[in-house]
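Trainee: Got a structure for you, questions after.
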Amino acid sequence: MTPLPFSLGSDMIEVELEPAGDRRATIENLFQLYVHDFADFWAERQVELQEDGRFPSYPPLAAYWSEAGAEPLLIRAAGRLAGFALIDRHSHSGAPTDFNMGEFFVARHYRREGVGRQAALRAIQGRPGQWEIAVARRNVGALAFWRGVAETAAIGGVEARDQDDDRWNGAILRFRVEAP
């Protein structure tokens, strides 16, 4: 994909998404940071560090290289690795969905610089259809972020659901994106 420049005052940073391809190990490594950050939003501890000092592997990660419609993407800011976006077709709501933002991570030192927003919009706006983004109940900051992204990308508004069942506990944002 073509880089999308954006301004930070007088500076310009290019944000790019690239297919992860054979870079699964890179995403597995970034997942360690993601799990560490995400632990703040669990009501109770979900995983323990292993004796090698790493969190256990994320079992569903392999599906992003094997399931139809799943896309593992690396996020780059000014050419440097900045995070990942994992897109799939899973529906947390149970309603038909073309795309779901399965997991999304931007390294802390790129946050609040617009990198995440630009990466999210590139991922979403380049894939027309019905989108769903599920946000964990305790991840309040992410909900504000994703609402803003969804409202920018959506055609016809954003449906926000509050769900608490065996499929999901938290907000679910559903919206349509049209082809550019």
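Each value in this text was obtained by applying a stated rule to the coordinates, not by laboratory testing. Keep in mind it's a predicted model, so treat the numbers as computed, not measured. In this analysis, Cβ positions are derived from the backbone assuming ideal geometry, glycine residues included, and neighbour counts consider all displayed protein chains.
Trainee: Suppose each label sits 7 Å from its Cα in the direction of the beta carbon; what would the Glu67-Glu14 distance come out to in nanometres?
Mentor: 3.3 nm
Trainee: Over the chain, what is the mean sequence separation of C-alpha contacts under 8 Å (at least six apart), divided by residue count, expressed as relative contact order in percent?
Mentor: Values: 309 pairs, mean separation 31.9, N = 180.
Result for the chain is 18 percent.
Trainee: Per residue and in cubic angstrom, what volume does the convex hull of the Cα atoms of segment 133-180 have? Could you put the intermediate results ahead of the total?
Mentor: Working: hull volume 3.1 nm³, N = 48.
Per-residue hull volume (Cα only) is 64 Å³.
Trainee: Which value, in Å to one decimal place, does the Kirkwood hydrodynamic radius take for segment 89-167 when every pair of different Cα atoms is included?
Mentor: Numbers: mean 1/r = 0.0745 Å⁻¹.
Taking the inverse mean of 1/r over all distinct Cα pairs, segment 89-167 comes out at 13.4 Å.
Trainee: Something else now. Quick one: order Trp168, Trp65 by neighbouring beta-carbon count within 10 Å, fewest to most.
Mentor: Numbers: Trp168 20, Trp65 14.
Arranged by neighbour count, lowest to highest, Trp168, Trp65 become Trp65, Trp168.
Trainee: Right, something else. With +1 on each Lys and Arg Cβ and -1 on each Asp and Glu Cβ, and nothing else charged, work out how big the dipole of the chain is about its Cα centre, in Debye to the nearest 20. If you can, show how the numbers build up before the last one.
Mentor: Numbers: 20 positive and 26 negative charges, 83 e Å.
The calculated dipole for the chain is roughly 400 debye.
Trainee: Over the chain, how many percent of alpha carbon pairs lie in each 5 Å bin up to the one with the longest distance?
Mentor: For the chain, the pair-distance distribution reads 1, 8, 16, 20, 22, 18, 10, 4, 1, 0.
Trainee: Now, a different point. Could you work out how much longer the chain between His109 and Leu81 gets when fully extended? Use 0.36 nm per residue separation minus the Cα distance between them, nm to one decimal. Write down the numbers at each step before the final one.
Mentor: On the way: separation 28, 0.36 × 28 = 10.08 nm, distance 1.13 nm.
Between His109 and Leu81, full extension yields 8.9 nm more.
Trainee: Could you give each residue of segment 136-148 its phi-based ³J(HN,Hα) in whole Hz, using Karplus coefficients 6.51, -1.76, 1.60 with θ = phi - 60°, and x for Gly or Pro?
Mentor: With coefficients 6.51, -1.76 and 1.60, one gets 4, 3, 7, 8, 4, x, 5, 4, 4, 4, 5, 4, x Hz.
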